[in-house]
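Here it is: the structure, laid out below.
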Amino acid sequence: MANYGGVCNKLEALMLELLDKGYTVPQSITDGLKSVRNLVLIYKQSPAELDLIMQNSVELQAAEMNLLIMAEANIGKEYADSWQQKIMAAYGENVSETPKISSYVSGVPKGDYPVRLKASDITIDGGIDNLIAELGLNSKPQSDGYILVYGAKEAVKALLDKIKAEFVAKNIQKQGN
């Protein structure tokens, strides 16, 4: 299994270097990297599924390609080649465990399981709000465009499974077209 978290780190580092050097990175690349990072976090418990999804991830391929093209066009071929080598090395690195982060989320009752979702990235037949209500979950919109969803751990997992299934179906449909 490839280390997609490490690849995201390398791509984000390249993007930050380009920004530090005064070049403008299109918002679509930034959004694509955020989507890839979210997928890595969602599928962290299912490495085989993560491999399948990421191998077909248009966002990962587009972000990698566009950042390397920007680096070559603005700075030089050698610079882009060195970053390409770093990115390729990240694919082969061993996946290391990240340190445990506090699970406390402000505004969520103790014992409830929280998850943050970007509402604009999720399209489900019947709407996300209906699915949240159907599963007996609670939600709070947040100022940054995310929705904080919380409730029983099994219900949150069921919600994420439905979102994951919808995403997989759309990616397979895109690949078929």
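The values are calculated or read from the model by the stated rules, or taken from the named source; none is laboratory data. Remember, predicted model here, so these are calculated numbers, not experimental data. Cβ atoms come from the backbone with ideal geometry, glycine included; neighbour counts cover every protein chain shown.
Quick grid of which residues meet (1) in a helix (DSSP H, G or I); (2) polar (S, T, N, Q); (3) more than 14 Å from the chain's Cα centre (by Cα):
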| residue | (1), (2), (3) |
| --- | --- |
| 19 | yes, no, yes |
| 31 | yes, no, no |
| 38 | yes, yes, no |
| 54 | yes, no, no |
| 67 | yes, no, yes |
| 82 | yes, yes, yes |
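Residues of the range 1-17 being within 15 Å of the chain's Cα centre (by Cα) and under 14 Å from residue 68 (Cα atoms), which ones?
Residues satisfying the conditions are 7, 8, 10, 11, 12.
Yes or no: residue 136 crowded, with 16+ Cβ neighbours inside 10 Å, on the phi > 0 side of the Ramachandran plot and at pLDDT 85 or above?
Spelling it out, it is not the case that residue 136 is crowded, with 16+ Cβ neighbours inside 10 Å, on the phi > 0 side of the Ramachandran plot and at pLDDT 85 or above.
Assuming residue 21 fulfils every condition listed in (1) modelled with pLDDT of 90 or more; (2) surrounded by 13 or more Cβ atoms within 10 Å (Cβ to Cβ) apart from one, which condition is it?
Among (1) modelled with pLDDT of 90 or more; (2) surrounded by 13 or more Cβ atoms within 10 Å (Cβ to Cβ), residue 21 violates only (2).
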